[in-house]
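The values are calculated or read from the model by the stated rules, or taken from the named source; none is laboratory data. Since this is a predicted model, take the numbers as computed values, not measurements. Cβ atoms come from the backbone with ideal geometry, glycine included; neighbour counts cover every protein chain shown. Surface areas here come from the heavy atoms of the whole protein model, side chains and all, with no ligands, DNA or RNA. Shrake-Rupley method; radii C 1.70, N 1.55, O 1.52, S 1.80 Å.
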Amino acid sequence: IFISLSNEDVLFHLSQPKEGSRMIDELDRSGAVRVVIVDDSSVYREGLARSLQAKGIEVVDTAPDAEHAIRTVEDNSPDVVILDLRMPGISGQEATRRFRESSRVLVLSAAADPDEVAELIAAGADGYLPKDRPVEEIVSWVRAVADGEMVISPRVAKGLLRQIEEGDAGETSTALTN
């Protein structure tokens, strides 16, 4: 485990092999990391898709919500599903549970409530990062998740750790230990 909370540009990494997902050597053979982007904002979704493609990430599809993405993920088996937390329909936690069966899940969201983050991690998310980061960082995070890493931005990790440290983590500490 490596944690650095003093600099927003350094990630919190946990190595976490994922049972049942594609082997890393398959990723190496194909060259490009394959993603599906799930976000209810068409402007953000399409902008992120163009930015990732420009950086060598293959965007196999985009979807406005988890319900539309389920079939795409089943049909295309992307390496990573990039998921917005708050969308109409299926909750972020339920979507994470469904997608993690075949892909890794990276949550990009404007919200950063420590309890929600803990619930997403417990549901199987491989990362949780704020949407406001530069595209180069998002590309780095997508590649790290595809390579089996768990990534959490220092700002979010700091909130989680502070809540646990203060002893009022309640659901957070329970979710993280389950």
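For this structure, a couple of remarks:
- Taken over the stretch 89-114, the criterion of being surrounded by 21 or more Cβ atoms within 10 Å (Cβ to Cβ) and either touching a His at 6+ places or on another chain (Cβ under 8 Å) or of a type in the set (Val, Ile, Thr) (or both) is satisfied by Thr96, Val105, Val107.
- The residue of the stretch 37-84 that is farthest from Leu108 (Cα to Cα), among those that are in a strand (DSSP E or B) and open to solvent by less than 20 Å² (accessible area, probe 1.4 Å), is Ala63.
- Scanning the stretch 115-146 for residues that are over 10 Å from the mean Cα position of the chain (by Cα), open to solvent by 30 Å² or more (accessible area, probe 1.4 Å) and at pLDDT below 90 gives Asp115, Glu116, Glu119, Ala122, Lys131, Asp132, Arg133.
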